[in-house]
Amino acid sequence: MTTTALQEPVRKTSPGAAREPRRRTGRIRRIGLPYLLLLPALLLELLVHLVPMVIGIVMSFKELTQFYIRDWGTAPWSGLGNYQVSVDFDAPVGEALLHSFFVTVGFTLLSVGLCWLIGTAAAVYMQGTFRGRGLLRALFLVPYALPVYAAVITWVFMFQHDNGLVNHVLHDQLHLTDERSFWLIGDNSFYALLTVSVWKGWPFAFLIVMAGLQNIPGELYEAAALDGAGMWQQLRRITLPSLRPVNQVLVLVLFLWTFNDFNTPYVLFGKAAPEAADLISVHIYQASFVTWNFGTGSAMSVLLLLFLLVVTGGYLLFTSRGRRAADV
Amino acid sequence: MSSPTSPMAPPRSFVWSRRIFLTLLTGFVLIPVYVMVSSSLKPLADVTGEFRWLPSGLTIRPYIDIWSTVPLAKYFVNSLIVAGAATVCSVVIAVFAAYAVSRYEFRGKRVFTVTVLSTQMFPGILFLLPLFLIYVNIGNATGIALFGSRGGLILTYLTFSLPFSIWMLIGYFDSVPRDLDEAALVDGCGPLGALLRIVVPAAIPGIVAVAVYAFMTAWGEVLFASVMTNDATRTLAVGLQGYSTLNDVYWNQIMAASLVVSVPVVAGFLLLQRYLVAGLTAGAVK
């Protein structure tokens, strides 16, 4: 996405007295125009993203319980107190946060990996022409198009203990389990969450990889075919390397969205997530709104943001360097 | 689409693995959809007892009852207003911003794009409470009610979809030849004229893709909707939970309601998915 400066446009300027001032206003407009165009976006980003983030950081240094919520500015400063509570891994609060963090990391790695794998495989398989391809493509996008709550609530129904489809198939029909399992509480909830997350997430990977595949020039494949490269070899030597820049962004976006996902666990489990599927967003939400301790909640959010910053920065640095080296 | 793969017929191993993989995947994708559709047509006894693949009888009763169990129509209208307004504003603002970044060199350009993109990293939970406080304070200071109102939600959602929209449109505008708008400038169009008459029409697929994305973001968001709405402004994302907090869980009604609220987005998405792929191909994925 490189941009070059717009060439100075050749204007038909009428010679004469009016020429000088018009040129000057034109100059001002040219310099000011981009900022003017950006202004609405900038203001909104400030109001909804950046200023709240700064306030959130300030709040993390305050002792903000429900007594001060009406007028949060008057809450006493607590220094690093909230952070100390958050990272004191021997005490219950810190221990629970650490546990939630590990659950989230494991969940995110598995979910992003599976989404990417399924999405890429589907996109590659759907490359050729065969009957029903268009229909299948539309169908595959349905989980992504469905509103999160509608999709997840359907899964909640399927995971019900007594009247759900999953137990009906596993227990009643296939007899794989001795008794019906609980899916939305206990250890199984991790797999329930993972299933829903992958079901909902892979079509996005599919969509992006499909778009990326269309940008690979057909001549590359023709040349490879002339050289005698088979289908699988073409896949390994042309398709996957060509997708590298696409994958760099795709994996990052999937990672951030999955790691920060609140909607899926919230609809799946309600306000109290089971310990095995205690994703960090819901965990912090609970720490803030259920216990009414917003200072600690903010401190946890800031720690989460720092972690994501470091991971994203490291990731971009690492992948970009690898990419540049590969280009040379 | 002309096949971008090899001109040779694919080997049998490829065809077979494709057949198996796509069949399994179709099953995985379709089962919840089938459960949603079939359960929405079942009598209550079918969804409270052991799960049945086939309904004992078909009824459209759930589709009638959903409107009276919770005020679904009101939630529906709220969601339509919020998502519609957020989409229109988001697209217009993103078009202007992306045009500036794509066509002009100016100081702070890189800072702007990096900052906007990095907001994708923010955990929503970090600015939920601060935003809530800001809205309350703006309301107290100016009398503009943002908290609890549709306006506040519209503002929030349109900003959520902005970063990705701007990013995608920058890529798309970059792919529209510069000669076109330079020609328009020579012909006496102002920069805005060039944008509206030349660049925007050439970038319609990208713009449609962005609109679809913005609408889906607003239609499906749960976290802010659950905190920032009241009884009058509640959206579907929150309202749908009303069916399951009752003593009896009317799963057939929940499924019917889920289906009804999904139809507008899924239908729109599937109709416009060609644009979405085209938009992504030319824009983001380059």
> Once both labels are modelled 7 Å past Cα along the beta-carbon direction, what's the A:V169-B:N230 spacing in nm?
Replying inline: 4.5 nm
>> In region A:106-327, if the dipole is taken from +1 on Lys/Arg beta carbons and -1 on Asp/Glu beta carbons about the Cα centre, which of A:N293, A:N260, A:F204 is farthest to the positive end?
In response: A:F204
> For peptide A:193-201, how many partner chain Cβ atoms fall within 10 Å of a residue's Cβ, on average?
Replying inline: 1
> Loop-only check: which trypsin sites (Lys or Arg not before Pro) in region B:80-135 are DSSP coil with at most 11 other Cβ within 10 angstrom?
Replying inline: B:R107
> Relative contact order for chain A: what is it in percent, counting Cα pairs under 8 Å that are at least 6 residues apart?
Replying inline: 25 percent
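Once you charge only the Cβ atoms, +1 for Lys and Arg and -1 for Asp and Glu, what is the size of the charge dipole of the protein assembly as shown about its Cα centre, to the nearest 20 debye?
2460 debye
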> Where Lys and Arg each count +1 and Asp and Glu each count -1, what net charge lies around B:W53 among other residues with Cβ under 14 Å from its Cβ?
Replying inline: -1
>> Set the bar at 28 Å for Cα to Cα. Now go through A:K200/A:K271; A:K200/B:K109; A:K62/A:K271 and name every pair that lies beyond it.
In response: A:K200/B:K109
> For region A:106-327, what class follows from the C-alpha gyration tensor (a ≥ b ≥ c being the square roots of its eigenvalues): rounded when a/c is under 1.5, otherwise prolate if a/b is larger than b/c, else oblate?
Replying inline: oblate
> Which of rounded, prolate, oblate describes the protein assembly as shown, given a ≥ b ≥ c as roots of the alpha-carbon gyration tensor eigenvalues and a/c under 1.5 marking rounded, otherwise prolate only if a/b is larger than b/c?
Replying inline: oblate
> So which aspartates and glutamates can B:K74 reach, going by Cα to Cα under 18 Å and dropping same-chain residues fewer than 8 places off?
Replying inline: B:D65, B:E221, B:D231
> Dipole size in debye (nearest 20) for region A:106-327 around its Cα centre, Lys and Arg Cβ +1, Asp and Glu Cβ -1?
Replying inline: 740 debye
> Rounded to the nearest 0.05, what FRET efficiency do B:V263 and B:L30 have when you use their Cβ-Cβ distance and R0 = 25 Å?
Replying inline: 0.90
> In the protein assembly as shown, with Lys and Arg counted as +1 and Asp and Glu as -1 at Cβ, which of these residues, B:I31, A:L117, A:F89, has the Cα nearest the positive end of the dipole, that is, farthest along it?
Replying inline: A:L117
> What is region B:117-240 by shape, rounded, prolate or oblate, if you read a ≥ b ≥ c off the alpha carbon gyration tensor as root eigenvalues and call it rounded for a/c under 1.5, prolate for a/b larger than b/c, and oblate otherwise?
Replying inline: prolate
> Tell me, in nm to one decimal, what length is gained between B:S68 and B:V37 on full extension, where the rule is 0.36 nm per residue of separation less the Cα-Cα distance?
Replying inline: 9.1 nm
> Working out 0.36 nm times the residue gap between A:F307 and A:F102, then minus their Cα-Cα distance, what length gain in nm do you get to one decimal?
Replying inline: 72.5 nm
>> Please compute the average number of Cβ atoms from other chains found within 10 Å of each residue's Cβ in peptide A:240-248.
In response: 1
> Using 0.36 nm per residue, how much length does the chain from A:S320 to A:T65 gain when fully extended, once their Cα-Cα distance is taken away?
Replying inline: 87.4 nm
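Rule-based calculations on the coordinates, nothing more; no lab input. Computed from a predicted model, the values in this text were never measured in an experiment. Glycine also receives a Cβ, built like all others from the backbone with ideal geometry; neighbour counts cover every protein chain displayed.
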